[in-house]
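So the structure is just underneath, and the comments pick up after that.
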Amino acid sequence: MRRSSGILMHISSLPGDFGIGTLGEKAYDFIDFLKASGQHYWQILPLGQTSYGDSPYQSFSAFAGNPYFIDFNLLKDEGLLKEDDYINESYGANRESIDYALLFTVKYKILNKAYKNFNKDDFKDYEEFKTKNKFWLDDYSLYMAIKKNLALCSWRNWDKGIRGREDKILKECRDKLSYEIDFWKFVQYEFFKQWVRLRAYANKNGIKIIGDIPIYVAEDSADIWANPKLFKTDKDLNLEVVSGCPPDAFTEDGQLWGNPIYDWKEHEKDGFKWWISRIKESFKLYDMVRIDHFRGFESYWEVPYGESTAKNGKWVKGPGIKLFNSIKSELGDLDIIAEDLGFLTDEVKEFKDKAGFPGMKVLEFAFGEEDSDYLPHNVDENCVYYIGTHDNETIVGWYNNIKNKKDREMAKDYFYINKEEGINFGFLRGVLSSRSKLVIIQMQDILGLGNEARMNEPSILGCNWRFRIREEDLSNNLSKKLLKMTKLYSRF
């Protein structure tokens, strides 16, 4: 890994006319901005199809892409839409915030118009796409078709025969819902076609894509419906335990995430085939992959299903290095970033060292203790250094909210914070000058935005994942300033 830097911003946060960022013109413009700014990486959040809560970390499939990101202008170029099909629709009144409820209605209406104009005989690679992705695409498209037919409820509320995937019942579903099934396959075909082209453009311009995969799948997903034996369920396919994290100084009740827990013994029986497929498919999309909650592979917090908090959970051993030895044996050496934030036991540290992946350091965590490992002069080369991530306050919001006078004075002196330059650029200089070979800076921190632009506040529903930049934010003046700083600290 060379000394370099990049920007963290999800596809959803791009500007544009369709209520949410897409894989169209503005995404290409952002790549041009990255190149002009001297950056070498674009880090995004998971690309999966979002569900209740709008979180990219809760998806209907670990393999499918988000239909919201499909660009309508590109569909027009393919002859699948006319401009009148989408230009006069309302995608939300606020161009700097995403209205997911509105998008759910309008986006799928327009995608259905495109599908009705789709003649698979005109798209020679469509059959090839379906064949290559059959191992997940068939279950996903059937799942989504059934889900729509049953008022969008989760598979756990379906009739027993469908929940249990009885052959006769599934055949009836395939016959009855053939149009809907084919629609979802078409949607995924268009998503991946647009994504592959965008990534190729990024790579051509010297930009590598850092993807992000959650450790867990969603309860409401085709993954667990199609592979229940790979998760801890009882004979009636009810969840026995769910994911979370224990109580700490910040959360008295812990965090109850609610995801299904893997049955790692079942995964090990076939050599971790599902996980190998997941990693393999991820590297078809990205140049580097960040794995969220990496410590959960060594040991994870398991909570009995039905608990209202995470307090009554327990630590359970994960697959550890056996999983990653299997992945490496099958796929070779891979560029993986291990999200290793939070309290780490000696066992977790040993596991991460054996895996050999760079971990993460976050500047906002550097205060409250003397000479923290998270300060620029202490971070090691083999880490990816952030001011903050999508789960943190923006750096301006964080700085303005510092309660401890000593911490505020230290931050001000260490980073030479002054109003003339702006709060954010002192911190930018700090991370860029660090020893870490790779620095990733969230776009909100480059723009100097406050907590109104925060991407996610964990455990809070209804206001997250909405942030979007304005087209004018990606100015020539900003790219020149970033380029100068990038060169100054030898990251160009």
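Looking across the range 351-374, just one residue is assigned to a loop (DSSP other than H, G, I, E, B), among the hydrophobic types (A, V, I, L, M, F, W, C) and free of Cβ contacts under 8 Å to residues at least 60 places away in the same chain, and that is Phe367.
Starting from residues that are free of Cβ contacts under 8 Å to residues at least 40 places away in the same chain and assigned to a helix (DSSP H, G or I), keep the ones in the range 267-293 and report whichever is least open to solvent (accessible area, probe 1.4 Å).
So, considering only residues that are free of Cβ contacts under 8 Å to residues at least 40 places away in the same chain and assigned to a helix (DSSP H, G or I), the one least open to solvent (accessible area, probe 1.4 Å) is Lys284.
Residues in the range 55-89 that are hydroxyl-bearing (Ser, Thr, Tyr) and under 25 Å from the mean Cα position of the chain (by Cα): Ser55, Tyr57, Ser59, Ser61, Tyr68. Contact map, the range 319-338: first residue closer than 28 Å to Val362 by Cα, second residue of a type in the set (Gly, Ala, Ser) and open to solvent by less than 40 Å² (accessible area, probe 1.4 Å), Cβ cut-off under 7 Å, separation 6 or more or different chains; pairs are Ile321/Ala355; Phe324/Ala355; Ala338/Ala355; Ala338/Gly359.
The residue of the range 93-109 that is farthest from the chain's Cα centre (by Cα), among those that are surrounded by fewer than 17 Cβ atoms within 10 Å (Cβ to Cβ) and assigned to a helix (DSSP H, G or I), is Lys109.
The lone criterion from (1) polar (S, T, N, Q); (2) surrounded by fewer than 12 Cβ atoms within 10 Å (Cβ to Cβ); (3) closer than 20 Å to Gly48 by Cα left unmet by Asn88 is number (3).
When we screen Val348, Val303 for residues that are outside any strand (DSSP E or B), in contact (Cβ under 8 Å) with a residue 40 or more places away in the chain and either open to solvent by less than 20 Å² (accessible area, probe 1.4 Å) or not basic (Lys, Arg) (or both), the only hit is Val348. Taking residues in the range 375-386 that are touching a residue at least 12 places away in the same chain (Cβ under 8 Å), and partners anywhere that are in a loop (DSSP other than H, G, I, E, B) and open to solvent by less than 10 Å² (accessible area, probe 1.4 Å), the pairs with Cβ atoms closer than 6 Å and at least 6 places apart or on different chains are Pro376/Ser434; Val379/Ser434; Val379/Ser436; Cys383/Ser436; Tyr385/Val379; Tyr385/Ser434; Tyr385/Ser436. Pairs meeting the criteria (first residue in the range 62-82 and closer than 30 Å to Asp220 by Cα, second residue aromatic (Phe, Trp, Tyr) and open to solvent by 40 Å² or more (accessible area, probe 1.4 Å), beta carbons under 9 Å, at least 6 apart or on different chains) are Phe63/Phe135; Tyr68/Phe104.
Against the test of being in a loop (DSSP other than H, G, I, E, B), open to solvent by 70 Å² or more (accessible area, probe 1.4 Å) and modelled with pLDDT of 95 or more, the options Ser490, Ser459, Ser434 yield a single qualifying residue, Ser490.
Of the residues making up the range 150-180, those that are surrounded by 14 or more Cβ atoms within 10 Å (Cβ to Cβ) and in a helix (DSSP H, G or I) number 10.
The values are calculated or read from the model by the stated rules, or taken from the named source; none is laboratory data. The structure displayed is predicted, hence computed values, not measured ones. We place every Cβ from the backbone using ideal geometry, glycine too, and count neighbours over all the protein chains shown. Protein only, heavy atoms only, side chains kept; ligands, DNA and RNA dropped before computing areas. Shrake-Rupley method; radii C 1.70, N 1.55, O 1.52, S 1.80 Å.
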